[in-house]
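Contents: one structure, followed by commentary.
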Amino acid sequence: MAICGPGCYISLLLNVGILPDFFMSERKSYRGGEKISRLHHGKGPMKRILFLILLAGLTAPGALFAADILGEVKALPVVKNLFPPQVEITEARDIGSLYELVVKEPPRGNNIYYVTKDGSYLIAGGNLIDKDKMNLTQTRHDEVNRVDLSKLPLKDAVTIKKGNGAKKLIMFYDVDCPFCRKAYDWLKNQTDYTLYIFFFPLDMHPKSPEKSVKILCGKNYEAAIERAQSDQELDAPKCESGEKMLARHKAIGAEIGVNATPLFLTDTGTRIPGLQVPALESYLKK
């Protein structure tokens, strides 16, 4: 597929005689002390309209090229054959020897695939590593799955402050999830962060929703979480406000594609799935 670049647009403007005439019409001259504008002295309104249309394509070529690449990649037989119609390919980039695809796959979120330029092979589940040992696939995956924290209602979260509370850390938490419990216990020994907890009970833990509601109905969240993690009875009864807040937490998690716990978000919206102590430690201490 031939793609018209900036030079192509400029040549087109010159060939139709618009570019010189238009810019000459912008000049102003003085005659006898009177300022005379030549803004409207072009060769006709249709040329000026055509110029503006072509100029729009010249000033935003990136969007045009991206759309062309996306359409070209979607048309490749290997892509059409391997991705069902309900799977949405949201972005395609030319990265040199390959095309990179961003594919929206609910509830897994956005995933990265690669396809060879001849359309023969689709690469799934691998990582591209550059000469500097940087995992380009992981970096790109983090980028396309980043959460906009400005749209996350932190006022609805259970908030726990440690030390000066400087670092912001969001956690999607199931009280009966073993790794959530280990993560929470590990965090108790860290300092200088503020933890925002959204309860997200998984279907595999049938008692977790009731425990979550009781925690949300209580007055001392930290004490209630400690009791729940130790499988002790919770004092607070279930209440309507707790039910509504749990529904709110679950909706927030579903909106950003949470499907496993724990899931952490940093202050940049980067996801840290599961209990990854090195990643959490690096984030909290940097």
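The values are calculated or read from the model by the stated rules, or taken from the named source; none is laboratory data. It should be emphasised that the depicted structure is a prediction, and the values quoted were computed from it without experimental measurement. Note that each Cβ is placed from the backbone with ideal geometry, even for glycine, and that neighbours are counted across all protein chains shown.
Quick look at the numbers
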item	result
Helices (runs of 4 or more DSSP H) lying entirely in region 184-286 (those with 1 or more residues that are touching a residue at least 60 places away in the same chain (Cβ under 8 Å))	221-229, 240-255, 277-285
Test: residue in region 91-100 that is at positive phi, in the same structural domain as ARG140 (by TED's automatic domain parsing) and surrounded by fewer than 13 Cβ atoms within 10 Å (Cβ to Cβ)	yes
Filter pass, ALA67 being hydrophobic (A, V, I, L, M, F, W, C) and surrounded by fewer than 12 Cβ atoms within 10 Å (Cβ to Cβ)	yes
Selection from region 70-86 of residues that are under 24 Å from the mean Cα position of the chain (by Cα) and either on the phi > 0 side of the Ramachandran plot or surrounded by 14 or more Cβ atoms within 10 Å (Cβ to Cβ) (or both)	LEU70, GLU72, VAL73, VAL79, PHE83
Candidate set: region 229-282, residues that are at positive phi and of a type in the set (Gly, Ala, Ser); chosen: the one surrounded by the fewest Cβ atoms within 10 Å (Cβ to Cβ)	GLY274
Among (1) surrounded by fewer than 16 Cβ atoms within 10 Å (Cβ to Cβ); (2) within 27 Å of the chain's Cα centre (by Cα); (3) not aromatic (Phe, Trp, Tyr) - the single one LEU195 does not satisfy	(1)
Selection count where residues are closer than 21 Å to ALA251 by Cα, in contact (Cβ under 8 Å) with a residue 60 or more places away in the chain and assigned to a helix (DSSP H, G or I), scope region 132-180	3
Any hit, region 216-224, residues being among the basic types (Lys, Arg) and under 16 Å from ASP174 (Cα atoms)	no
Selection from region 209-218 of residues that are closer than 8 Å to ALA236 by Cβ and not β-branched (Val, Ile, Thr)	LYS214, CYS217, GLY218
